[in-house]
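First comes the structure, then the notes that go with it.
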Amino acid sequence: MNKTYLIQTVQSVKEMADALSVRRLVFIEEQEVPADLEIDEHDEANSGTTHFVAYDRETPVGASRLRPYAPGVGKVERVAVNKTERGTGLGRLIMLALEEAAREQNYETLKLNAQTHAQRFYEKLGYEPHGDVFDEAGIEHIAMVKALR
Ligand code: COA
């Protein structure tokens, strides 16, 4: 039977810590992104960023964040699913929750820099690649954009 995940916007200090614990596991430990790049000014309180956390019962298993980028444009960042839960549809559910929040915040367009291995994941959600592949934190990325309707 499929698992039921709870995906929510971060509302408390504990939920923020839970989101960061997933990002730490996935980006800092697994992908070896330097900690001072992984956590940045957009994680500070009052930065305007909306954070998301996904739970399997009490255990945090996924995260992402949405931040203001330009007028009408939001940027999707730090999309992460614990290794144990990948391929279950959780990443897609996190993106759909984020897009719903983005519509409520009146964003017209979402932008992201996809790690190239995840390009297909985002394409299946309607994101289109733009421009050339570039390096960020030692990982190949490509810019992708989706118009929200
Ligand atoms: N390559 C090709 N297709 C992929 C894919 C990949 N790397 N990852 C997911 N997909 C496809 C799935 O097959 C599925 O397709 P379907 O709807 O036709 O069945 C669809 O995308 C949704 O997949 P889902 O199970 O929701 O993805 P996930 O829960 O495994 O999450 C990531 C995807 C990328 C978030 C997850 O692999 C992850 O956290 N990776 C490490 C962190 C990372 O690289 N984040 C992206 C930063 S840009």
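The values are calculated or read from the model by the stated rules, or taken from the named source; none is laboratory data. This is a predicted model, so every value here is computed, not measured. As a convention, Cβ positions derive from the backbone with ideal geometry for all residues, glycine included, and neighbour counts pool all protein chains shown. Accessible surface is based on the protein model in full, side chains and every heavy atom, while ligands, DNA and RNA are left aside. Shrake-Rupley method; radii C 1.70, N 1.55, O 1.52, S 1.80 Å.
Right, Glu29: closer than 19 Å to Leu112 by Cβ and not basic (Lys, Arg) or not? Spelling it out, it is not the case that Glu29 is closer than 19 Å to Leu112 by Cβ and not basic (Lys, Arg).
Considering the stretch 73-112, and only residues there that are open to solvent by less than 10 Å² (accessible area, probe 1.4 Å) and in contact with a Lys or Arg (Cβ under 6 Å, 6 or more places away or on another chain), the residue that is nearest to Leu125 (Cα to Cα) turns out to be Leu110. For the stretch 34-72, the set of residues classified as touching a Ser or Thr at 6+ places or on another chain (Cβ under 8 Å), surrounded by 11 or more Cβ atoms within 10 Å (Cβ to Cβ) and in a helix (DSSP H, G or I) consists of His42, Asp43, listed by residue number. Considering the conditions (1) closer than 25 Å to Arg120 by Cα; (2) touching a strand residue (DSSP E or B) at 6+ places or on another chain (Cβ under 6 Å); (3) part of a helix (DSSP H, G or I), Arg24 is excluded by exactly one of them, (2). If you go through the stretch 1-20 and pick out every residue that is closer than 17 Å to Ala97 by Cβ and touching a residue at least 12 places away in the same chain (Cβ under 8 Å), you end up with 12. Within the stretch 96-117, being touching a residue at least 24 places away in the same chain (Cβ under 8 Å) and within 8 Å of the ligand (Cβ to nearest atom) holds for Leu112, Asn113, Ala114, Gln115. The residue pairs whose first member lies in the stretch 22-39 and is acidic (Asp, Glu), whose second member is modelled with pLDDT of 95 or more, and whose beta carbons are closer than 8 Å, counting only pairs six or more residues apart or on different chains, are Glu30/Lys83; Glu38/Arg23; Glu38/Arg24; Glu38/Phe27; Glu38/Ile28; Glu38/Arg78.
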